[in-house]
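Have a look at the structure below, then the notes.
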Amino acid sequence: MTIIDDSNWEPDEDFFVELFEIGSEKKLDGRDTECKITILDDDKPGQLAFVNPNVRHAAVGPNSRIVSIDVKRIHDADGVVTVEYKTIEINEGERTARTGIDFEEAKGTLKFPPNEVMMTIDVKIIDKELSEDQERDEIFGLKLYNAFPAGVKISKRDVCRIELVKDAKAAR
């Protein structure tokens, strides 16, 4: 019997080995004629987390149309791991950024190949005309959910808060 090792996480698996009389299909009697074997999975898919769970983005200027959010894979990186993401509105009263008004909806799936530890999600920001005395100050979120396989975990901080501000000084 050969146990095949791979780099994908899977739950521990059990099987039994039974002893039979040579040349027959008669099972031997006794407690020592059957053995349970457990294959322990040694592959660790890791945990997914935002590099920075709170992002301030200067929503005015030449580099203002995209906010890039980094997702890291920590505590090991065995096997292929996927996680879904989507932008969400966070209720902040007048500061709530709105889908289609302040940012474009973003949703999809990140696929981390084996040993890949960093990926980026880009969210498009919608330009706004502001007068000199107006400040841009809206907040929305990017949520991670539905990670696969079951062995991979998502950080307790599964939502990145993104604050859109008017200038680069305020984004620091």
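The values are calculated or read from the model by the stated rules, or taken from the named source; none is laboratory data. Here the structure is a predicted model, which is why all the values come from computation and not from measurement. So basically every Cβ, Gly included, is an ideal-geometry build from the backbone, and we count neighbours across all protein chains shown.
Inside segment 119-162, can you point out the residues that are among the acidic types (Asp, Glu), modelled with pLDDT of 95 or more and out of contact with any Ser or Thr (no Cβ under 6 Å at 6 or more places or on another chain)?
The answer is Asp158, and nothing else.
Within segment 66-100, track down each residue that is at pLDDT below 95 and acidic (Asp, Glu).
Of everything in segment 66-100, those that are at pLDDT below 95 and acidic (Asp, Glu) turn out to be Asp76, Asp78, Glu92, Glu94.
What strands (runs of 3 or more DSSP E), lying completely within segment 69-161, carry at least 3 residues that are at negative phi and without any contact (Cβ under 8 Å) to a residue 40 or more places away in the chain?
Because the criterion is at least 3 residues that are at negative phi and without any contact (Cβ under 8 Å) to a residue 40 or more places away in the chain, the strands (runs of 3 or more DSSP E) in segment 69-161 that meet it are 107-112.
In segment 23-65, which strands (runs of 3 or more DSSP E) lie fully inside it and hold 2 or more residues that are touching a strand residue (DSSP E or B) at 6+ places or on another chain (Cβ under 8 Å) and at pLDDT 85 or above? Working first, answer last.
On the way: elements: 34-39, 47-50, 54-58.
Hits in segment 23-65: 47-50, 54-58.
Could you grab me the full set of residues in segment 101-116 that are surrounded by fewer than 13 Cβ atoms within 10 Å (Cβ to Cβ) and at pLDDT below 95?
As a first pass, look at segment 101-116 and keep what is surrounded by fewer than 13 Cβ atoms within 10 Å (Cβ to Cβ): 101, 105, 107-109, 111, 113, 115.
Hits for segment 101-116 are Ile101, Pro113, Asn115.
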